[in-house]
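Novice: Just dropping this structure here.
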Amino acid sequence: MRIVWYVLLLVLGALVGVAGSFVQNAWFPGGLILALLAAAGVFYGGLRATDDRFGLLAAGAGWLVAIVLLSLGRPEGDGVFGGGVAETVFLLGGMAIAVICATMAGLVRPAP
């Protein structure tokens, strides 16, 4: 059952990465904040849904692969990212959020 969660989180992370890539520059700065909040939600949700770091890793890997593939562009010169400040903040901010969520996994939960 865990493998199904990991695959679902990988796909969900990729979808959030694609959606965030289009939204972050469309409605600047609100779109950037929305895209980073969505990334934080899928990272933290993956961490809590699986109760281990592999859920976060699956969501983060899907997000990062989608971002990298969209940043490459095509031979004709078309690309999603134009190289502005919003794209850099989205990329680095998303990675920073993933690291923050990964360090939160080591925190001890209080006993009920």
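Bear in mind these aren't lab numbers, they're just calculated from the coordinates by the rules spelled out. This one's a predicted model, so the numbers in the text were calculated from it and none came from an experiment. As a convention, Cβ positions derive from the backbone with ideal geometry for all residues, glycine included, and neighbour counts pool all protein chains shown.
Novice: Mind putting a number on the dipole of the chain about its Cα centre? Charges go on the C-beta only, +1 for Lys and Arg and -1 for Asp and Glu, and I need it in Debye to the nearest 20.
Specialist: Working: 5 positive and 5 negative charges, 71 e Å.
That gives a dipole near 340 debye.
Novice: Another one. Go through PHE22, LEU91, LEU8 and say which Cα lies farthest out towards the positive end of the charge dipole of the chain; charges sit on Cβ, +1 for Lys and Arg, -1 for Asp and Glu.
Specialist: It is LEU8, whose Cα lies furthest towards the positive end.
Novice: Helix-derived [θ] at 222 nm for the chain: sum -39500 (n - 2.57) over DSSP H runs of at least 4, divide by residue count, nearest 500? All intermediate terms of the calculation are to be shown ahead of the outcome.
Specialist: Values: 4 runs with 86 residues, N = 112.
That calculation yields -26500 deg cm²/dmol at 222 nm.
Novice: What translational D, rounded to a whole number of µm²/s, comes out for the range 2-104 from Stokes-Einstein when the hydrodynamic radius is the Kirkwood one over Cα pairs, at 25 °C and 0.890 mPa s?
Specialist: 182
Novice: Net charge near GLY46, counting Lys/Arg +1 and Asp/Glu -1 over other residues with Cβ under 10 Å of its Cβ?
Specialist: Here the count lands on +1.
Novice: Still on this structure: Would you list ARG53, ARG48 from fewest to most Cβ contacts within 10 Å? Intermediate results must be reported in sequence, preceding the final value.
Specialist: Details: ARG53 17, ARG48 13.
Least crowded to most crowded, the residues run ARG48, ARG53.
Novice: Quick one: order ILE3, ILE67, ILE33, ILE97 by neighbouring beta-carbon count within 10 Å, fewest to most.
Specialist: Final ranking by Cβ density, sparse to dense: ILE3, ILE33, ILE97, ILE67.
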